[in-house]
1. For the stretch 33-67, give me each residue that is touching a strand residue (DSSP E or B) at 6+ places or on another chain (Cβ under 7 Å), more than 24 Å from residue 83 (Cα to Cα) and among the hydrophobic types (A, V, I, L, M, F, W, C).
2. Being in contact with a strand residue (DSSP E or B) (Cβ under 8 Å, 6 or more places away or on another chain) and open to solvent by less than 50 Å² (accessible area, probe 1.4 Å) is the filter here; which residues of the stretch 144-156 pass it?
3. Look through 24, 59 and report the one residue that is of a type in the set (A, V, I, L, M), open to solvent by less than 80 Å² (accessible area, probe 1.4 Å) and in contact (Cβ under 8 Å) with a residue 60 or more places away in the chain.
4. What number of residues within the stretch 104-129 satisfy the criterion of being buried (at least 18 other Cβ atoms within 10 Å of the Cβ), part of a loop (DSSP other than H, G, I, E, B) and more than 24 Å from the chain's Cα centre (by Cα)?
5. Could you list, in sequence order, the residues of the stretch 62-103 that are hydroxyl-bearing (Ser, Thr, Tyr), open to solvent by less than 70 Å² (accessible area, probe 1.4 Å) and not in a strand (DSSP E or B)?
6. What is the residue count in the stretch 1-43 for residues that are part of a strand (DSSP E or B) and closer than 21 Å to residue 74 by Cβ?
7. Which of (1) open to solvent by 60 Å² or more (accessible area, probe 1.4 Å); (2) part of a loop (DSSP other than H, G, I, E, B); (3) aliphatic (A, V, I, L, M) does residue 46 not meet, given it meets every other one?
8. So which residues in the stretch 130-143 are surrounded by 15 or more Cβ atoms within 10 Å (Cβ to Cβ) and in contact (Cβ under 8 Å) with a residue 24 or more places away in the chain, if there are any at all?
Amino acid sequence: CTDSDTVTVTFAEQPIANAGIGGVECDSTFVLNAIASAGNGTWSQLSGSPAGTTSYSNVNSATSIAIVSAYGTYVYQWLEVNGICSDSDTVAVTYNELPVAVAGLGGIECDLDFTLSAIPGIGSGTWSQILGAGTTVFADSTNATTGITASSPGTYVYRWTEANGVCSAF
């Protein structure tokens with residue numbers, strides 16, 4: 001007398017999640033760049049700006065566009081599931097608000113002194129001379145409203161540059 005029985009074994013491919021490279025943005029959107037392996041992937045926000053949330057162009061796309069509601073640093077998780085097998089990886093993205101530099105108005109002077117008056121925005125600002133026959137002494141080149149003295153008469157051009165993290169505008 002003999003008897004037999006069978007058993008079925010399914011070997012699922014183990015996903016190896018790769019969330020890609022994070023980065024720094026000068027706006028509120030970032031193209032996520034995971035490398036899909038096996039199964040289905042899903043993006044989620046693990047942490048972020050205190051009040052920030054993320055919406056996705058397609059939460060299941062490895063290259064989804066993440067759009068945040070508040071500037072700051074966010075950590076995202078790429079989770080891949082294939083049957084009962086899963087793996088995840090994380091990536092960090094910092095979103096900085098792009099500054100808008102407003103240098104104010106120039107003028108005509110009968111001497112070599114003038115007061116520059118930029119309108120300060122986000123981040124920090126710096127004045128620089130980009131054109132002129134002579135040199136300029138700035139009372140405080142990091143102050144939006146600062147006095148300057150030119151070394152000789154002529155037309156000068158000054159630039160107000162604002163920086164917020166790696167983002168800048170002039």
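1. 65, 66, 67
2. 144, 146, 147, 148, 150, 156
3. On the way: 59 fails: in contact (Cβ under 8 Å) with a residue 60 or more places away in the chain.
The unique qualifying residue is 24.
4. Residues meeting the conditions: 1.
5. 64
6. Of all residues in the stretch 1-43, those part of a strand (DSSP E or B) come to 23-25, 29-31, 40-43.
Among the residues that remain, those that are also closer than 21 Å to residue 74 by Cβ are: 23-25, 29-31, 41-43.
Of the residues in the stretch 1-43, 9 are part of a strand (DSSP E or B) and closer than 21 Å to residue 74 by Cβ.
7. (2)
8. Selection gives 132 alone.
The values are calculated or read from the model by the stated rules, or taken from the named source; none is laboratory data. Remember, it's a predicted structure, so these values are computed and weren't measured experimentally. Methodologically, a virtual Cβ is constructed for each residue, glycine included, from the backbone with ideal geometry; neighbour enumeration extends over all protein chains shown. Accessible surface areas use protein heavy atoms only, side chains included; no ligands, DNA or RNA. Shrake-Rupley method; radii C 1.70, N 1.55, O 1.52, S 1.80 Å.
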